[in-house]
Amino acid sequence: MACNAVSRAVALSLGLIGCGAIANVAWRSGLWGSFIGAILAAAWLSAIIWWEMARRRQTPTSTREEFRETAADHLLLDAAPTPMLAIERDRVRVLNRAARRTFGTDDCILPTPAALLDPDAIHLRYGGHVWRIDRVILGAPQMGRSVAALIDVEQEERAAEARATAEMIHVLGHELMNGLAPIVSLAESGEAALDRLDTDPGLIREILGTLARRADGLQRFTEAYRELARLPPPRPAPVSVSQIVDDLARLFRGRWNGVELFVDAENGPAWPLDRDQIGQALWALLQNAGEAAIDGICSPPRVHFNITYTDTALVVVIQDSGRGVAVEDAVRIFRPFNTSKSDGTGIGLSLARQIARGHGGEVSFVMNEVTTFVLSLPWREL
């Protein structure tokens, strides 16, 4: 009996630590739904631990007193907007008001959705919503005990979209003001110069030339934004990836003849993808790698372009010998219009990620000794 109590205490403590780790990762990644779910699960585990400690210190109480004590432990969870569930093998119980309202029950959910009982399921369709299931395992996995938080995917997507829109508006306003302010200043300087009788024509020509360059830069920025905002849906078809690799390698060597390009591409099946869009995404990644390699300290600068296949995905790895990416810059690396280059538009990496996600894939940045970008595309039946 004592052994079971110790095992239960250890399992609860490990679950609490796991919740803290998940919350930390979710906070750093901006996954607010996962963060809230982990915090709520941690609060519930803390309530259980506190209740068991209090129960051991006190004499046994009546059934009604135990019920009241347990209900008091659940008050914190009742205030949470995220549905919380307790899963025990083939039984699922609601834990808070949000869960009771969602499933219309005060105790067990009947009939029980199969996705809740499947430990590998990550999504649940219920009540006209798509929920993401964030689980925290309690004890050994074979015990089948866990706490689950249900995150409304649509609501989370709307919140993410609102944040992205606000950030985009902020970036656009910042960039447009930065572009227009010097144009206005130069126009005023040109007007003042024309009012002077001894104005050097060369000065007017210099002012007009600078004005033209600034206006051209602002136009290129606007066109880059339009390209990013109007990306059409992909039209996938079976495509030979090796042909795309050969074309891009030829273009790269012509554009960056001072950079050594090493290509390692496995032979694989024709992959379902939009050739133009994926070519554009890979070219953006290669361009980024070429520019980073040129600015690096390695001689000669190098870029590695690797293609591999798994049972379910096409994986492209692009590495360069540049100076790397600072930790503080890594979190902003995929933000639209974020660039450290004086003549860059800052949409290449953002566009590559948007294209990959349109195909159901992803572009990720890997922090290690060599700057590494990974583009993965799942196999999708046409």
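The values are calculated or read from the model by the stated rules, or taken from the named source; none is laboratory data. These numbers come from a predicted model, not from an experiment. Note that we place each Cβ from the backbone using ideal geometry, even for glycine, and neighbour counts take in every protein chain shown.
Observations
- Within the stretch 309-322, residues that are surrounded by fewer than 17 Cβ atoms within 10 Å (Cβ to Cβ) reach partners that are of a type outside the set (Lys, Arg) and assigned to a loop (DSSP other than H, G, I, E, B) with beta carbons closer than 6 Å, at six or more positions or on different chains, in the pairs Tyr309/Glu266; Tyr309/Gly268; Thr312/Trp379.
- Screening the stretch 127-145 for residues that are out of contact with any Cys (no Cβ under 6 Å at 6 or more places or on another chain) and either touching a residue at least 60 places away in the same chain (Cβ under 8 Å) or among the β-branched types (Val, Ile, Thr) (or both) and picking the one that is surrounded by the fewest Cβ atoms within 10 Å (Cβ to Cβ) gives Ala140.
- Looking only at residues of the stretch 340-364 that are surrounded by fewer than 16 Cβ atoms within 10 Å (Cβ to Cβ) and under 17 Å from Gln287 (Cα atoms), we find that the one that is modelled with the highest pLDDT is Ser364.
- Tally, over the stretch 282-308, of residues that are surrounded by 15 or more Cβ atoms within 10 Å (Cβ to Cβ) and within 13 Å of Val241 (Cβ to Cβ): 4
- Cβ-Cβ under 9 Å pairs, at least 6 apart or on other chains, the stretch 238-257 side among the charged types (D, E, K, R), far side outside any strand (DSSP E or B): Asp247/Gly279; Arg253/Val259; Arg255/Leu286; Arg255/Gln287; Arg255/Gly290
- Being polar (S, T, N, Q) and closer than 26 Å to Arg250 by Cβ is a property that Asn368 lacks.
- Candidates Asp195, Asp264, Asp216, filtered to the one that is more than 30 Å from Thr312 (Cα to Cα), among the acidic types (Asp, Glu) and modelled with pLDDT of 75 or more: Asp195
- Only one entry of Ile318, Ile333 meets the criterion of being assigned to a strand (DSSP E or B) and either in contact with a Pro (Cβ under 6 Å, 6 or more places away or on another chain) or over 20 Å from Trp379 (Cβ atoms) (or both), and that entry is Ile318.
- Residue within the stretch 316-331 that is in contact with a Gly (Cβ under 6 Å, 6 or more places away or on another chain), within 23 Å of Gln280 (Cβ to Cβ) and of a type in the set (S, T, N, Q) present: no
- Candidates Arg56, Arg28, Arg64, filtered to the one that is exposed (fewer than 11 other Cβ atoms within 10 Å of the Cβ), under 30 Å from Glu328 (Cα atoms) and modelled with pLDDT under 65: Arg28
- The set of residues in the stretch 105-142 being closer than 15 Å to Val92 by Cβ and part of a helix (DSSP H, G or I) consists of Ala114, Ala115, Leu116, Leu117.
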